[in-house]
Every structure is written in C-alpha cells, then in structure tokens.
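Engineer: Take this structure first; my questions come after.
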Amino acid sequence: MTSLVSVIIPNFNYAQYLGEAIESALGQTYSNLEVIVVDDGSTDNSQEILERYADRVTIIEQRNSGVCVARNRGVAESKGEYIAFLDADDIWLPEKIEKQVKAFAESPEVGIVHVGVIDIDESGADLQTKLNGLNGKISHEFLIWERPVILGGGSGAMISRRVFENVGGFDTQLSTSADWDLYYRICRKYEAVFVSEPLLYYRLHGSNMHGNISGMESEMAIFLEKAFDTDEADVLALKSQAMSNYHRTLSGSYLHAGLYGRAIKHAAKAIMYRPSSIGYIAKTPLRLLSRS
C-alpha cells in the first residue's frame, strides 16, 4: 500500500497563479495524495479559481494570519504520512512527488527530501536550472550562508509528518525565512536527501526573500538569534563566521540595490565579526560589476 502524501497550498492573493499550482499538484504521477488549499483571507478573485476545484481539493478559508499559520493549519487538517508544501505561485513537474516518496522509501530515517529547481520569471519563462542542493548532515550550512542548501523555498521539500511534528512545525513569527528556519531545525536532527533532477518551477518576483532585502535582514536576524540560543558547542563555534557572512550578504545585496549607506554599515559589521573577511568584501563591487 502506497503512503498518503498531503499537499498543502497556502494562498494569499495569488489568483493569477493559483490554478497552475493546483493543476500541477493534481497532475502528479503519484496518485495517493490529498490536496489542501488554505486561503489566507485573499481579497482578489482566488475564490473564483478555487470553486473550479471544489470537487477535487479540500479548501480551508481563514482570516488573514500569515503563511506559517496557513501551512500549520493545513498540516493539522491533513492525514498523510508525508507532507509537501507548494506555494501558490510555484509549479511542480509531474514526477516530483513520486521521486520524493521513492527517496523516503529507500532511506526512511531521513527527515527531508528536496529536489532540483528551474527558476522562472513572473511570466513563467525559464531563467536557470539549479541542481546544487545538499545531502546528508547539512545543518551547519544553514548557519554559514556560503552555498545553497535546500532548494526551492517552501515548494521543493517533502517532510514526514513524524519529523514535522517532532520539530514543532513552522514558526509563526516568521514569514519569508520560515522555511529556512524549519529546515534548519529538521536538519539538526535528521539527514537530508537531494533528488538531483529539476522537478519544481520556482517563480522569482519581488516578494521572494532574495528580492526583499529588509525583510531578509530582519527575519534572518531572528533565525540566527534562535539558532545560537543554545549550549551546543558545534553550533556556537560557527557564530562569528555565521554573523560575518550574514552581514556580508546583506552588504552585497544593499550595494546591488544602490543603498550604499546600508551596504557600508553591514560591511563594517561583517569585518567586526570576522576580520579576515575584509578582502572578500573589498572585492564585492568588482564582482557585482562583472555580473552586470
């Protein structure tokens, strides 16, 4: 008997993309799944879109409470052994769930399985393919910010219900970095498996974390404060490097956005936490110029 997979789609005012997301969930080659859409108080025509699928998906309506409340609500009302989240502006390729379930079957002790990604723009045009996700014991990588870890934001991972409940679900004080925070807590206790195939179309636009620098700054500060509120020596040993890389990343992002005062402030903080980073930071303008 195949395992039931619960697909949770949180939606807030994404009517223009919602139908595609739902169709991609219903079109999976893996058939034993339930699709739950949690509409988080949308004010656009999302309800009109949802009515088309009322006989094939479970629709939950709630007052606007944020994406994490919506995701946790969906899980609470689901029944699957495995849980897969799909943001309403993203699209799965047909074999995504089948290949993730297979990976869990082969390594049932793992906590999370994620997949390769094709970045797309707002219109759906391909931008780039990413196959550089990580396997194994990878929790430290979330702290030091030096390479991609779990690909696809909130839409690329599958998690067992047992693991999701064990780590406490999504932190409702977070939004754009909530998946990063959840995945870190999972990977502190469990290994990850990466399916090195592009099985998700991940839509890039201004509301993604990478396009919202101030949001990234505040939310990742909360994440880091939580992560380093520990007496675990292996974590604390990374604090200076993690804080330096956090400020270094913000410095580069603000520089690219033309916010030079903020860029300088974060560059100074990066050097304060790790003086050896001065050489890297000094070359940041040249790297940005070479990419333009």
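Engineer: Checking LEU238 against (1) modelled with pLDDT of 95 or more; (2) within 22 Å of PHE142 (Cβ to Cβ); (3) open to solvent by 90 Å² or more (accessible area, probe 1.4 Å), only one condition comes out false. Which one?
Structural biologist: Going through (1) modelled with pLDDT of 95 or more; (2) within 22 Å of PHE142 (Cβ to Cβ); (3) open to solvent by 90 Å² or more (accessible area, probe 1.4 Å) one by one, LEU238 breaks only (3).
Engineer: So which residues in segment 196-206 are open to solvent by less than 20 Å² (accessible area, probe 1.4 Å) and out of contact with any helix residue (DSSP H, G or I) (no Cβ under 6 Å at 6 or more places or on another chain), if there are any at all?
Structural biologist: LEU200, ARG203
Engineer: If you don't mind, another one. Can you confirm whether LEU143 is touching a residue at least 24 places away in the same chain (Cβ under 8 Å), open to solvent by 20 Å² or more (accessible area, probe 1.4 Å) and among the hydrophobic types (A, V, I, L, M, F, W, C)?
Structural biologist: Judged against the criteria, LEU143 is not a match.
One line per residue, one yes/no per condition, for (1) more than 21 Å from ILE22 (Cα to Cα); (2) open to solvent by 50 Å² or more (accessible area, probe 1.4 Å); (3) over 12 Å from the mean Cα position of the chain (by Cα):
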{"site": "GLY116", "(1), (2), (3)": "no, no, yes"}
{"site": "LEU127", "(1), (2), (3)": "yes, yes, yes"}
{"site": "LYS130", "(1), (2), (3)": "yes, yes, yes"}
{"site": "VAL149", "(1), (2), (3)": "yes, no, no"}
{"site": "GLY152", "(1), (2), (3)": "no, no, no"}
{"site": "GLY168", "(1), (2), (3)": "yes, yes, yes"}
{"site": "SER175", "(1), (2), (3)": "yes, yes, no"}
{"site": "TYR190", "(1), (2), (3)": "yes, no, yes"}
{"site": "PHE194", "(1), (2), (3)": "yes, no, yes"}
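Engineer: In segment 76-114, how many are more than 17 Å from GLU23 (Cβ to Cβ) and aliphatic (A, V, I, L, M)?
Structural biologist: 8
Engineer: Quick check on my filter: what residues within segment 102-113 are under 19 Å from the mean Cα position of the chain (by Cα) and either free of Cβ contacts under 8 Å to residues at least 12 places away in the same chain or open to solvent by 10 Å² or more (accessible area, probe 1.4 Å) (or both)?
Structural biologist: Those that are under 19 Å from the mean Cα position of the chain (by Cα) and either free of Cβ contacts under 8 Å to residues at least 12 places away in the same chain or open to solvent by 10 Å² or more (accessible area, probe 1.4 Å) (or both): none in segment 102-113.
Engineer: Continuing with the same structure: For segment 233-273, which fully contained helices (runs of 4 or more DSSP H) count at least 3 residues that are under 19 Å from ARG147 (Cβ atoms) and among the polar types (S, T, N, Q)?
Structural biologist: 239-256
Engineer: Applying the selection to segment 260-280, what residues are in contact with a Ser or Thr (Cβ under 7 Å, 6 or more places away or on another chain) and either polar (S, T, N, Q) or under 18 Å from GLU217 (Cα atoms) (or both)?
Structural biologist: Answer for segment 260-280, where residues must be in contact with a Ser or Thr (Cβ under 7 Å, 6 or more places away or on another chain) and either polar (S, T, N, Q) or under 18 Å from GLU217 (Cα atoms) (or both): ALA263, HIS266, ALA267, ALA270, ILE271, TYR273, SER277.
Engineer: Which of the residues that make up segment 24-52 are in contact (Cβ under 8 Å) with a residue 60 or more places away in the chain and not small (Gly, Ala, Ser)?
Structural biologist: The answer is GLN28, THR29, TYR30, LEU33.
Engineer: On the basis of being in contact (Cβ under 8 Å) with a residue 40 or more places away in the chain and among the small types (Gly, Ala, Ser), does ALA15 make the cut?
Structural biologist: No.
The values are calculated or read from the model by the stated rules, or taken from the named source; none is laboratory data. Because the structure is predicted, anything quoted here is derived from the model rather than measured. All Cβ positions, even for glycine, are placed from backbone atoms using ideal geometry, and neighbour counts span all protein chains on display. For the accessible areas, the whole protein counts, side chains as well, though only heavy atoms, and no ligand, DNA or RNA atoms are used. Shrake-Rupley method; radii C 1.70, N 1.55, O 1.52, S 1.80 Å.
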